Amino acid sequence: MSLFGDQLKAFRQKSADPQRGGDLTQSRLAELVSERLGTEDAPRFQTISNWERGVSRLDAYTDRNVLIAILQVLSVCGGLPNRATADGWLESGGYALLSAQEFQQIFPQGESAPAPANARWAARLEAPTYTRLFGVEETTARLTDLLITPQAPWIFALEGLGGLGKTALTDHLARQLMQAGHFADLAWVSARPVAFSLDGTVQPAPQPVLSVDEAGRELAAQLLGRETASELVSPQARQQMLLERLRAAPHLLVIDNLESLTDLEQLLPLLQRFANPAKILLTSRQRMPGGSAVYHCPLPGLEEADALALIRYEASTGNLPHVSGATDAQLRPLFQVIGGNPLALRLAVGQLHLRELTRLIDEWQQATASEIEAFYTFIYRSAWDRLDETCRYAFLSMPLAGEQGGRLAHLVATSGLAEREMLAALEQLTTLNLVNAHGTLDDRRFSIHSLTRSFLHRQVAQWLG
C-alpha cells in the first residue's frame, strides 16, 4: 500500500481548499469526504494520515463509497486531473477501476487539466520588493550552477549587512529554479522580526519564526500539511516525516533572516539531516558557523556603476527626471557617502523628491533626518548592542584604515589596542559583517563599507552619548 498512500498524499498536496483557500490538509480532506458521504462522524486527520502512510487500508467492497468520495473531493480541489490518474491510483491499491457511473460522479464536467505546477510554491513567497536587481549577475550564475548540481555543497549561506539584498536575491533565485523545474517543491521560512519601509518606518513582520523548533514546524506545515505542525505530532515524528518527504525528490528549502533564531546552534545539525538531495539556502546578517558544511557567500555592496544604474532606475520609475538625467559626476558624491547598499540608495532616491542633493548628502553624513536615523538603527543597532567595549573601540577605529582597508599591524598601531585584542575584536566584527576581510593569502586587509563609515561618523556618537 506504500505507492497507494504516496499517491494519495501527492494528490492532496496538489489540491487547494475551494471554500477556505490554502492547502488541502488531512483534516480538511476528512471533513469534505464526510460531507460527500452524508455523515456527521468526520474521521480525524490521523485516519487520512494512516492511509497515506500505508498503516491501514480501505476495504475493497464495504469502503468503495469512501474511495469514490475521496476521488470526488480531490477532483473538485484540483488535485486529480483525469480518469487515467484515478484508475492508476485505484490499481496501485488493488481496487477495481472506475465504472462509467463512477467516472461521471467524479468528473461531471469531464476531465480537467492539472493545476498549474507553480500554484503551491509561489503562494509561499511574499510579493517581491524589487522589480529589477542590479549587480547580481555573477553571483546568480555561480549559485545557480551549484544549486542545480546534485552534489555538495548542500547548504548555502548568503551573508552580509542588512539592506544589501540577500532576501531579494534569494527570492530571485528561488523563482528561477522552481520555474525551471529543478526542484520538486519549495519551502520558505521567514525569521524576519521587522521590515524597513522606504517611508522611514520599521514595521513588525507578521508571525516570524523565532526558534529552530518553530522552523521545523513551518517546514513540515508547508511540505506535509498544516496538521503536522500540531502539538499532537511529536518533534521526532515530524522530523521523520520531513526526512521521508525530502529523500523522495530534490527540494529547495529557504530560511530567511537566520540570525533572528534564538537557538541557532541547534539548527545546523538539523539542516544537515535534511540536506541531500535537498538544497538549503540561508540568509543572515552574521557569518553562519559550520565550517566546510556551509558554503559561505558574502554579499558585497554594489560597485559604483551598478549603484548609479540603480539610482537612475529608481528615479525613472519614481518620475524624478532631474535625478535620472544627472551625470555620473553629479551622483557620485551620494554613492561615496552611502556606498552600494541597495536599500539605502532606494531610500535616498525617495528623499530627493523634496531635498537638494547636497543637503541630502550632508544629512546622510550627520544622520539629521529621522528616516536616516531609523535606517541606521535598523541596519546596525542589533549588531552594535552585541559588541563588548573592546570590540566597540576597535570598530570606531576602522575609519582610520582608509577605503582600501588596513593590515592588522596598521589597525593595532592606529587603535592602540594590543594585537591579541584587535584579533579577537576583528573575529567578532567580521562574524557580524561589520568589517570586511579581504586580500591575498599573504596580505590580509580589513575595511568597512562607505555606509558604515558614514554611520560611525555620527550615529554611534549619539548612541554612546
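The values are calculated or read from the model by the stated rules, or taken from the named source; none is laboratory data. For clarity, every value in this text was computed on a predicted model and none was experimentally measured. For neighbour counting, all protein chains shown are included, and Cβ atoms are generated from backbone atoms with ideal geometry for every residue, glycine included.
Keeping to region 305-338, report how many residues are surrounded by 22 or more Cβ atoms within 10 Å (Cβ to Cβ) and touching a Ser or Thr at 6+ places or on another chain (Cβ under 9 Å).
4
Is it the case that some residue within region 53-69 is within 24 Å of TRP121 (Cα to Cα), modelled with pLDDT of 80 or more and either in contact with a Phe, Trp or Tyr (Cβ under 7 Å, 6 or more places away or on another chain) or buried (at least 20 other Cβ atoms within 10 Å of the Cβ) (or both)?
no
Please note which helices (runs of 4 or more DSSP H) are completely contained in region 341-436 and include at least 2 residues that are over 30 Å from ASP199 (Cβ atoms).
389-396, 408-415, 419-431
Within the bounds of region 163-170, is there any residue that is on the phi > 0 side of the Ramachandran plot, outside any helix (DSSP H, G or I), of a type outside the set (D, E, K, R) and within 14 Å of the chain's Cα centre (by Cα)?
The answer is yes; a qualifying residue exists.
Determine if region 409-417 includes at least one residue that is within 30 Å of CYS297 (Cβ to Cβ), outside the structural domain of LEU161 (by TED's automatic domain parsing), surrounded by fewer than 16 Cβ atoms within 10 Å (Cβ to Cβ) and touching a residue at least 24 places away in the same chain (Cβ under 8 Å).
Among the residues of region 409-417, not one is within 30 Å of CYS297 (Cβ to Cβ), outside the structural domain of LEU161 (by TED's automatic domain parsing), surrounded by fewer than 16 Cβ atoms within 10 Å (Cβ to Cβ) and touching a residue at least 24 places away in the same chain (Cβ under 8 Å), which makes the answer no.
Output the strands (runs of 3 or more DSSP E) that fall wholly within region 188-263 and possess 1 or more residues being at pLDDT below 85 and more than 16 Å from SER49 (Cα to Cα), or say none.
The strands (runs of 3 or more DSSP E) meeting that bar are 194-196, 202-204.
Given the condition part of a helix (DSSP H, G or I) and farther than 24 Å from LEU345 by Cα, answer yes or no: does some residue in region 446-465 qualify?
Within region 446-465 (the criterion being part of a helix (DSSP H, G or I) and farther than 24 Å from LEU345 by Cα), the answer is yes, since at least one residue qualifies.
In region 65-102, what count of residues is obtained for those that are part of a helix (DSSP H, G or I), touching a residue at least 24 places away in the same chain (Cβ under 8 Å) and within 23 Å of GLY38 (Cβ to Cβ)?
Total meeting the criteria: 13.
Filter region 196-246 for residues that are buried (at least 19 other Cβ atoms within 10 Å of the Cβ) and within 30 Å of LEU354 (Cβ to Cβ) and give the result.
Within region 196-246, PHE196 is the sole residue that qualifies.
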